[in-house]
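Working notes, beginning with the structure itself.
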Amino acid sequence: MRRSIYLIALLIPGLLSAAETTINLDRLPLLFVDDSGIFSEENLERRFHQATTDASAVLEPETEWEGNRVYIYGSVMRDPEGGFRMWYLGRPQPETVVADNLNRVEGLGMVEGLRNHGFDLVLYATSPDGRKWTRPDQELYSYNSSRANNIVFDLHSPSILLDESDPDPGRRYKMVGAFDGNYYAAVSSDGIHWRNEREEPILKYSDTITLAQDPSTNEYLALHKRYTNVRGYSRRVVWLSRSRDFESWIEPKLALAPDEIDDAWVTRLPERTEIYNLSVYPHAGGYLGFPTIFRLKKQLDRKDVLPGQSPVDGPIDVQLATSRDGLAWQRPYPRTIIIPRGLPGTFDAGAILGVATAPLNVEDETWLYYTAITTGHGGPLPAKRIAIGRAVWRRDGFGSLNAGPVGGKLETSPLHVEGGVIVVNADASRGELRVAVLEENGTPIEGMAARDCDPLRADDLRWKPSWGEKTKVPSDRPIRVVIEMASTRLFSLSSGNRVD
């Protein structure tokens with residue numbers, strides 16, 4: 001079908017450029033988790049791949065200000081000076097409160113005490129390798145009369161990004177989170193000393209929220225939970241609001257709700273499926289999303305709920321979704337659980353409540369930190385314990401386009417390859433892969449046909465195609481890339497300018 005559209009477009013001037021948008025292949029990879037970067041394909045099958053997980057949590061609750069739960073309702077980033085930085089959530093028991101109601105933070109003058117009396121604490125940890133984490137004392141807030149702690153702020157579900165596009169160094173780090181029925185925003189120069197962006201909330205409602213940034217427009221995306229009536233039940237679903245300046249946010253729109261497929265398992269009331277939250281990761285062709293799918297199996301009477309227990313119970317799993325714009329989401333079928341829960345008795349056996357703001361590429365792997373629960377969502381304390389785990393894929397390994405022995409090929413949408421260097425991530429160890437380059441209108445570029453390409457016959461995360469002495473593609477105009485392969489798995493396409 002796509003090929004037919006292509007041939008018609010060649011006969012009608014202007015139709016091709018109107019139908020397709022050039023993808024800028026620069027700092028972000030083009031993932032083949034959907035068709036966002038594909039113009040046509042033949043004899044290829046898309047597969048999604050589960051992560052492997054560590055046998056034990058990378059961070060467990062240990063301090064009194066963490067209580068018995070730590071959540072990666074938060075973010076993990078590479079430290080430019082080496083190692084890793086983590087912002088996560090601690091939730092002490094309600095009877096434990098912060099001692100000081102007024103604290104002096106260096107550089108900020110007098111600031112109000114923690115708004116929620118220490119119930120939702122933004123905590124900070126560092127690691128040299130991303131596996132073993134320490135809690136450096138920040139001495140910003142007094143907890144039980146001591147400032148020897150790693151508390152840096154107080155919002156529920158703190159989602160943080162490093163915004164290199166903001167000219168104000170005092171706003172390079174941005175945070176959104178929830179408090180007292182609303183969502184708020186905060187900014188920081190260093191990720192440690194935070195101040196409210198404004199005293200008023202940015203959005204109504206309150207619970208989980210994740211923050212992302214559009215790589216082409218620098219707009220901010222706030223994907224947040226709201227309860228919405230879906231097929232007769234009020235359910236957790238995800239709404240999207242955008243902002244150009246991180247101060248004014250447009251009216252939210254519904255982004256992702258459970259569909260009939262999600263409810264296919266239901267046998268009796270009040271069973272239902274809800275979308276607990278959604279973290280999103282931009283790539284060159286759009287966004288990759290990690291929705292957490294809550295299968296609500298039991299609803300307790302309030303009189304039967306124990307202290308610290310949720311009245312609704314059931315497992316929560318992580319799946320995948322894709323989007324061109326962050327608002328309209330598609331979910332592949334069959335629905336693949338992308339991070340498997342552990343065996344009974346393990347730290348992540350019951351539920352995976354959410355994942356970090358975005359994954360990290362670390363050498364030859366892609367990592368994603370997640371919130372793990374020993375029980376289902378509504379398990380009672382102390383059996384219910386919450387910790388942070390780490391999921392691992394091969395680099396960009398969420399999904400692949402696979403060709404069998406008879407071979408297959410794909411042609412990309414127009415690409416502007418910054419720097420002129422193409423980088424292919426593929427496993428051709430049992431077959432072969434070749435690359436051809438076309439002009440935007442489909443005209444072959446002389447000397448860059450598939451037959452001219454030196455083939456890939458190995459598993460290579462960073463293979464750079466060459467055509468004899470030619471190693472660069474045109475970078476002054478859009479091109480199309482054709483990939484012909486047999487017995488090969490193709491994961492991503494990047495430029496030599498990629499930044500991880």
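The values are calculated or read from the model by the stated rules, or taken from the named source; none is laboratory data. Note that this is a predicted model, so its numbers are computed, not measured. Every residue, glycine among them, receives a Cβ derived from its backbone with ideal geometry; neighbour counts consider all protein chains shown.
Remarks
- Residue check for ASN218: surrounded by fewer than 15 Cβ atoms within 10 Å (Cβ to Cβ) and assigned to a strand (DSSP E or B): no
- If only residues of region 144-182 that are out of contact with any strand residue (DSSP E or B) (no Cβ under 6 Å at 6 or more places or on another chain) and of a type in the set (Asp, Glu) are counted, the one that is farthest from TYR370 (Cα to Cα) is ASP168.
- Whichever residue in region 411-439 is within 10 Å of ARG489 (Cα to Cα) and either outside any strand (DSSP E or B) or of a type in the set (Lys, Arg) (or both) and, among such residues, is nearest to the chain's Cα centre (by Cα): ALA428
- When region 353-375 is limited to residues that are assigned to a loop (DSSP other than H, G, I, E, B) and at negative phi, the one that is surrounded by the most Cβ atoms within 10 Å (Cβ to Cβ) turns out to be ALA356.
- All of GLY350, GLY314, GLY389, GLY378 fail the test of being at pLDDT below 95, farther than 29 Å from ILE483 by Cα and either surrounded by 19 or more Cβ atoms within 10 Å (Cβ to Cβ) or in the same structural domain as ASP26 (by TED's automatic domain parsing) (or both), apart from GLY378.
- Per this entry, SER248 is not counted among residues that are closer than 21 Å to GLY354 by Cα, assigned to a loop (DSSP other than H, G, I, E, B) and small (Gly, Ala, Ser).
- Cross-chain or 6+ apart pairs with Cβ under 6 Å, region 157-173 first and part of a helix (DSSP H, G or I), then not basic (Lys, Arg): PRO169/SER189; GLY170/SER189; ARG171/VAL187
- Residues considered: TRP463, TRP467. Of these, the only one that is over 33 Å from the mean Cα position of the chain (by Cα) and among the aromatic types (Phe, Trp, Tyr) is TRP467.
- The set of residues in region 470-500 being free of Cβ contacts under 8 Å to residues at least 24 places away in the same chain and either surrounded by 19 or more Cβ atoms within 10 Å (Cβ to Cβ) or within 24 Å of SER429 (Cα to Cα) (or both) consists of LYS470 alone.
- Residues in region 274-308 that are within 15 Å of the chain's Cα centre (by Cα) and outside any strand (DSSP E or B): 2 in all.
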